[in-house]
Amino acid sequence: MCLSIKRTLALSGLLVGLLAHGTGAASEPVRKIVLVDPGGDDKGPGSYTYPTHTVYKPKSFDLRKLTVIDKGSNVEFRVEMGAHIGDPWRSKEWDGNGFSLQFVQIYIDTTAGRGFTKPLPGLGAARFAATQAWDKVVLISPQGKAKLSSELKYKARKMRADVIIPKSTRARGKKLIAVVNKRDLGGPPNKAWG
């Protein structure tokens, strides 16, 4: 079964933050979830601008689609942007994942009535409504696993158990692809995720 939902997804400066909105349906696993975002909305409320360095190309932060796919013991997250994903700062040289600019955080509400209302540190005054508090967050970062683990240990110790660092993260064309262990999510993709 495929669940397709159209939502406008949040863009904030250099960090793309995404909350997948559920349908309110009863708990029902699905093989695939697709969230589509219209192109050309990478200016946030209209006032956001791209950094002026030439590595920041138009549409680099224009989130177009999130696809979540059940792959047996793993779940694959594919984030599609409006432009080719580049690696201008050669991330592989610093144990990175093959891209340099985008850092996606996918906040998932797996259990109604519990979770965090604050995002990970560094997002200022952003808050989630109590009814949409998140239980798990998947990090799709240019930084490698060791660096992310170290940062979480010092900056988000109380949230660490609910932060998922993917088994693998890579860029391909306009997509960022992350593979996580389904067990870390607490189960397969689900219609009830919010």
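Here are a few things to note about the model shown:
- With a Förster radius of 22 Å applied to the C-beta separation of W89 and Y154, the computed FRET efficiency comes to 0.45.
- Backbone N under 14 Å from the R183 label point (7 Å along Cα→Cβ), restricted to segment 60-83: 73-75
- On Cα atoms only, tilt of 145-155 relative to the major axis of the chain in degrees: 70
- Net charge dipole, the chain: roughly 300 debye, given to the nearest 20, about the Cα centre with Cβ charges of +1 for Lys and Arg and -1 for Asp and Glu.
- Exposure rank, largest accessible area first [E93, E76; 1.4 Å]: E93, E76
- A viscosity of 0.692 mPa s and a temperature of 37 °C, combined with the Kirkwood radius over C-alpha pairs in the Stokes-Einstein formula, give the chain a diffusion coefficient of 193 µm²/s.
- Selected from L176, L123, L139 as most flexible by GNM, with the chain as the system and alpha-carbon contacts under 10 Å: L123
- When the Gaussian network model of the chain links Cα atoms closer than 10 Å, the mean-square fluctuations of A161, A129, A83 top out at A129.
- Note on segment 24-84: Kirkwood radius taken over Cα pairs, Stokes-Einstein applied at 20 °C and 1.002 mPa s, translational D equal to 155 µm² s⁻¹.
The values are calculated or read from the model by the stated rules, or taken from the named source; none is laboratory data. What you see is a predicted model; the values in this text were computed from it and never measured. No Cβ is skipped: glycine too gets one built from the backbone with ideal geometry, and neighbour counts run over all protein chains shown. Side chains included, ligands, DNA and RNA excluded: accessible areas come from the protein's heavy atoms. Shrake-Rupley method; radii C 1.70, N 1.55, O 1.52, S 1.80 Å.
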